[in-house]
1. Only residues that are closer than 21 Å to residue 370 by Cβ and of a type in the set (Lys, Arg): list them for segment 201-253, please.
2. Take the residues of segment 47-77 that are open to solvent by 60 Å² or more (accessible area, probe 1.4 Å) and of a type in the set (A, V, I, L, M, F, W, C): which is nearest to residue 270 (Cα to Cα)?
3. Condition check: in contact (Cβ under 8 Å) with a residue 12 or more places away in the chain, within 25 Å of residue 161 (Cβ to Cβ) and within 19 Å of the chain's Cα centre (by Cα). Does residue 379 satisfy that?
4. Out of (1) outside any helix (DSSP H, G or I); (2) modelled with pLDDT of 95 or more; (3) open to solvent by less than 30 Å² (accessible area, probe 1.4 Å), what's the single condition that is false for residue 308?
5. Say whether the condition of being touching a residue at least 40 places away in the same chain (Cβ under 8 Å) and buried (at least 22 other Cβ atoms within 10 Å of the Cβ) is met by at least one residue in segment 234-241.
6. Residue by residue through segment 80-100, note down the ones that are under 24 Å from residue 180 (Cβ atoms) and either assigned to a loop (DSSP other than H, G, I, E, B) or open to solvent by less than 30 Å² (accessible area, probe 1.4 Å) (or both).
7. Please list, ordered by first then second residue, the pairs with beta carbon atoms under 6 Å, 6 or more apart or interchain, first in segment 120-144 and within 15 Å of residue 185 (Cα to Cα) and at pLDDT 95 or above, second not aromatic (Phe, Trp, Tyr) and not in a helix (DSSP H, G or I).
8. Look through segment 258-271, keep the residues that are under 19 Å from residue 227 (Cβ atoms) and of a type in the set (A, V, I, L, M), and return whichever of them is least open to solvent (accessible area, probe 1.4 Å).
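The values are calculated or read from the model by the stated rules, or taken from the named source; none is laboratory data. This structure is a prediction, so every number in the text was calculated from the model and none was measured. Note that we place each Cβ from the backbone using ideal geometry, even for glycine, and neighbour counts take in every protein chain shown. When the accessible area is computed, the model is the full protein with side chains, heavy atoms only, and any ligands, DNA or RNA have been set aside. Shrake-Rupley method; radii C 1.70, N 1.55, O 1.52, S 1.80 Å.
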Amino acid sequence: MTTTLPRTPAPAPARPAGLRERLHAAARHHGPVLALYGVLKLIGFASFMYLLDSAGDFRTKHPRFGGGAHAWDVLATWDGWWYQQIAVHGYDPKLVHIPGATGLITLEGNSAAFFPLYPALMRMTSAVTGLGPYGAGIVVSVLASFAAALGIYAVTERLGGRRAGLAAAGLWAVWPGSGVEWAVYSDSLYVALAAWACYAVMTRRWLTAGVLTFAAGLNRPTAAALIAALGVAALCALRDRRDGVVRPLLAMALAPLGLLGYLGWVGHRMGDYGGYFKLQSGAWAHSFDYGKQTFDVLTSVPVGHFTYLSAWPFADVIGVGVVLLAFTLVPLLLRLRPPAVLVVHTVLTLVLVLGSQQIFANVSRYLLPCFPLFVPLALAMRRLSLRMQCTVLGIAALASGSYAGYALFELGVP
């Protein structure tokens, strides 16, 4: 007699995760990153505002140059004033000579020195929300700073795991120069684009990397370093025949168009295709001098001499410390053998920043895009317990109100 065993019903095919499930998964994965960054930034921001209000110097300064009726008005001065003007009035690129001027500053300042993506997003945000240019600029910067924290986390997690990624996101909140992350400045937006572009290269999403690098080129001129980094990574992919030919080549072709397009448009409007660089040099004394001024500062500050161009003693001492820290972290980063896109982007950003004549006090801000330097520190910090990690970062956040915020906006010129 044959016994027929009952058939076990075949398992039902797994349903694709719905929108709610995907949102819950994203919240579980990214929520701690956003919470850590947000809490650290709030601590640093509150410390910064307290120092501004306690000193009260902003009350006697011009509203365009570090002054205002309230402490938070300072966040929209200096470069923030220019971004607001662009968001409201647009551009009128010109090279206007100052009559009788000699020396470094021979041209009137013009908004064409500031790249268009950030003020364009300010204008869009203002149109959607009804906020003025100040409020719209703060909204764009704050949202971009959280996007940058997630991008830095994603890059670092891929290299060192979740605990290292969290530490790197925390370091982004307290790093010297981080005072501009929640101000009417384009730095947070650029770092967000650069971090996610590097992550896209690391995960071989070439077209995404090309689009993000294109956008970065519309935001800051140091995107030249990111463009070169993508190009090197794409050439490596072509050499190894990993991802075909078309996608890496398209990424390489798309990446520089934002930067070149804006420089070309400004030059065309000025009637001089080198007009952007002439404006930077003649109106702001910014030019590539192969590191002459940086060397002058690095050899003057340690002996208490402040006779170099645009000296701001307290902020410059911090800047020297940041440069020395960067020099220390570069070999530690190289020792980890990270992807080429991170190495090229970091090294070329250092070259572009330190090889330029500029206000040295800003170096801590200009080096914020060197976020791969966080990786060696983040890998070391993952050995700490989460409580100890939060304690260390929390103390740094409290102090950052002074070294990353007040030093830039009140004791220097951001």
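1. If the condition is that a residue be closer than 21 Å to residue 370 by Cβ and of a type in the set (Lys, Arg), then 220 is the only one that fits.
2. Start the filter on segment 47-77 by keeping residues that are open to solvent by 60 Å² or more (accessible area, probe 1.4 Å), which leaves 50, 53-54, 57, 59-65, 69-70, 72.
Pick out the ones that are also of a type in the set (A, V, I, L, M, F, W, C) and you get 65, 69, 72.
On the way: 65: 27, 69: 37, 72: 35 Å.
So the residue we want is 65.
3. On the way: in contact (Cβ under 8 Å) with a residue 12 or more places away in the chain: yes; within 25 Å of residue 161 (Cβ to Cβ): yes; within 19 Å of the chain's Cα centre (by Cα): no.
It is false that residue 379 is in contact (Cβ under 8 Å) with a residue 12 or more places away in the chain, within 25 Å of residue 161 (Cβ to Cβ) and within 19 Å of the chain's Cα centre (by Cα).
4. With (1) outside any helix (DSSP H, G or I); (2) modelled with pLDDT of 95 or more; (3) open to solvent by less than 30 Å² (accessible area, probe 1.4 Å) applied to residue 308, the lone miss is (2).
5. Step one: of segment 234-241, the residues touching a residue at least 40 places away in the same chain (Cβ under 8 Å) are 236.
If we keep only those that are buried (at least 22 other Cβ atoms within 10 Å of the Cβ) too, we end up with none.
No, that holds for no residue.
6. Going through segment 80-100, the residues under 24 Å from residue 180 (Cβ atoms) turn out to be 80-91.
The answer is 80, 83, 86, 87, 90, 91.
7. Cβ pairs passing all conditions: 137/184.
8. Step one: of segment 258-271, the residues under 19 Å from residue 227 (Cβ atoms) are 258-267.
Right, trim to of a type in the set (A, V, I, L, M) and you get 259-260, 263, 266.
Numbers: 259: 18, 260: 108, 263: 32, 266: 0 Å².
The selected residue is 266.
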